[in-house]
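Structure first, then comments.
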Amino acid sequence: MSKEYNVGVLGATGAVGREMLKCLVDRGFPYGRVKALASSRSAGQKVEFDNDEITVEEVGPDSFNDLDLAIFSAGAKASAEYAPLAAKAGCPVVDNSSNWRMDPRVPLIIPEVNPGALRRHKGIIANPNCSTIQMLVALKPIYDAVGIKRIVVSTYQAVSGTGQKGVEELAEQTRQLFNGQDPNISVYPHRIAFNCLPHIDVFLENGYTKEEMKMVNETIKIFDDQNIKVSATCVRVPIFYGHSEAIWIETGRNISPESARELMKRAPGLLVVDDPAKNLYPLASEATGRDEVFVGRIRNDPSCENGLSMWVVADNVRKGAATNAVEIAELMIRDPQLLKTDWPV
Ligand code: A2P
């Protein structure tokens, strides 16, 4: 009988945690016992798993002793507390929060882009920001073929990126506006229904938001390229699932849109949908529930010598979070060395 792995999901009651549980089943991950972990607030609740339900347990220091690996999507604070405890207990953690991403001890992994960096892990592996993941899956074949000097990106990000509370806020405000009521505003600083907010995460001293700087810094770390220049504008839009991105790149050498399209067609995890004459281009509505990244509108950028423009879409909760984490776990179980931890005490 092939080996089965005992897996913990921390944040199992959240939007991403629920999708992580679903991903384990959908992708045929060889799980044995699956532990659904969350805070004391939801201990005893049931969450769906493989056409059944499992009972949520409150996370504690001993939750990880009997697990082979854990995937976390419970925010930075819980991750800062529990990821080192799990790693020290011999349970490697794939963490979806921003807490560890820039830590030099922690590799930041997109399986299609930099799987080799996984070898350097000591027990904690970080899942990049959703917007970075889909951008780099799309750009990787071009980066490898001709290099990329500069990226300018504008995002159109769904409310599920804020978690279950973002989804509920958009639904509630939409209902209220259709009923002629004033919308309750609690999750975002302004109404999100029928609006676009150029504000994701907090503003920093340089005028950018933390979300925008994540795209800059994570790209440098994942491509391991200190010279690549990135400028991002991140916008929250009234869509439930699926992030879209308008991306402009300046490449190292010239590449035609046709050649870029051919390279992208062969790249893992990437689907080219690019036939504007038939109104075919990537759409958030089509990407929802899918594990691939979609790219289209691939064309020359006439504003610079070696420039390309494109439109990239992915399900932020799947490839932007849960799928990417489960794919990292899949890489780890292929090599027993990768299931070992060595977190500094
Ligand atoms: P809980 O439901 O018990 O609060 P989302 O991103 O959709 O808001 O979900 C966040 C997830 O992270 C939830 O499952 C939530 O559990 C969990 N979580 C948040 N903070 C903690 C914490 N300090 N300890 C354990 N789980 C946490």
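Work out the FRET efficiency for residue 299 and residue 26 from their Cβ-Cβ distance, taking R0 = 30 Å, and round it to the nearest 0.05.
0.30
Report the local net charge at residue 173: Lys and Arg +1, Asp and Glu -1, summed over other residues whose C-beta lies under 15 Å from its C-beta.
0
For the stretch 131-316, what does the relative contact order come out to in percent, with C-alpha contacts under 8 Å and a separation of six or more?
Relative contact order comes out at 29 percent.
Across the stretch 318-325, in residue order, what do the Karplus-derived ³J(HN,Hα) couplings come to in whole Hz, using 6.51 cos²θ - 1.76 cosθ + 1.60 with θ = phi - 60° and x for Gly and Pro?
Listing the rounded values in order: 8, 4, x, 8, 5, 4, 4, 5 Hz.
Under 11 Å from the Cβ of residue 305, count the other residues' Cβ atoms, weight Lys and Arg +1, Asp and Glu -1, and hand me the total.
Every neighbour counted, the sum reads 0.
Could you run the Karplus curve 6.51 cos²θ - 1.76 cosθ + 1.60 with θ = phi - 60° over the stretch 291-302 and give me ³J(HN,Hα) per residue in whole Hz, x for Gly and Pro?
9, 8, 9, 10, 10, x, 6, 6, 7, 5, 9, x
For the chain, set up a Gaussian network in which alpha carbons nearer than 10 Å are linked by springs, and say which option among 141, 111, 183 fluctuates the most.
Comparing 141, 111, 183 in the GNM, the peak value goes to 183.
Quick one: Cα centre-to-centre distance for the stretch 45-104 and the stretch 238-316, in angstrom?
33 Å
Under a point spin-label approximation (7 Å from Cα along Cα-to-Cβ), what is the residue 199-residue 81 distance to one decimal in nm?
Between residue 199 and residue 81, the label points sit 2.9 nm apart.
Stretch residue 186-residue 339 to full length: gain in nm at 0.36 nm per residue minus the Cα-Cα span?
Result: 51.0 nm gained on full extension.
Any idea what the alpha-carbon Rg over 2.2 N^0.38 Å comes to for the stretch 131-316?
1.08
Starting from one equal scatterer on each C-alpha and no solvent at all, send me the Debye-based log10 I(q)/I(0) for the chain at q = 0.12, 0.13 Å⁻¹, two decimals.
Scattering profile of the chain, log10 relative to I(0): -0.86, -1.01.
Scan around residue 229 for amide H atoms under 5 Å from its own, H built in the peptide plane at 1.01 Å from N, and keep only partners 5 or more places away or cross-chain.
Hits under the 5 Å cutoff: 150, 151.
Kindly state, to the nearest 0.05, the FRET efficiency for residue 88 paired with residue 275, given R0 = 51 Å and r defined as their beta-carbon distance.
Efficiency for this residue pair is about 0.45.
Under the rule a/c < 1.5 gives rounded, and otherwise a/b versus b/c splits prolate from oblate, where does the stretch 200-263 land using the Cα gyration tensor?
It comes out oblate by the Cα gyration axes.
Under the definition of Cα pairs under 8 Å and six or more residues apart, what whole-number percent is the relative contact order of the stretch 70-153?
Dividing the mean separation by the residue count of the stretch 70-153 yields 26 percent.
Run the helix sum for the chain: -39,500 (n - 2.57) per DSSP H stretch of 4+ residues, divided by residue count, reported at 222 nm to the nearest 500 deg cm²/dmol.
-9000 deg cm²/dmol
Around residue 214, under 15 Å between beta carbons, what's the net of Lys plus Arg minus Asp minus Glu among the other residues?
Spelling it out: positives minus negatives among the neighbours equals -3.
Can you list the residues, at least 5 places off or on another chain, whose amide H is less than 5 Å from the amide H of residue 316, using H built in the peptide plane?
242, 243
Per 0.36 nm of contour for each residue apart, how much would the distance between residue 265 and residue 62 grow if the chain were fully extended, relative to their Cα-Cα spacing?
68.5 nm
Indicate, rounded to the nearest 5 percent, the antiparallel portion of the DSSP beta bridges found entirely in the chain.
Just about 50 percent of them are antiparallel.
Since every read-out is calculated from the coordinates, none of them should be taken as a lab result. Quantities reported herein were computed from a predicted structural model and do not represent experimental measurements. Counting neighbours? That spans all protein chains shown, and the Cβs are built from the backbone with ideal geometry, glycine included.
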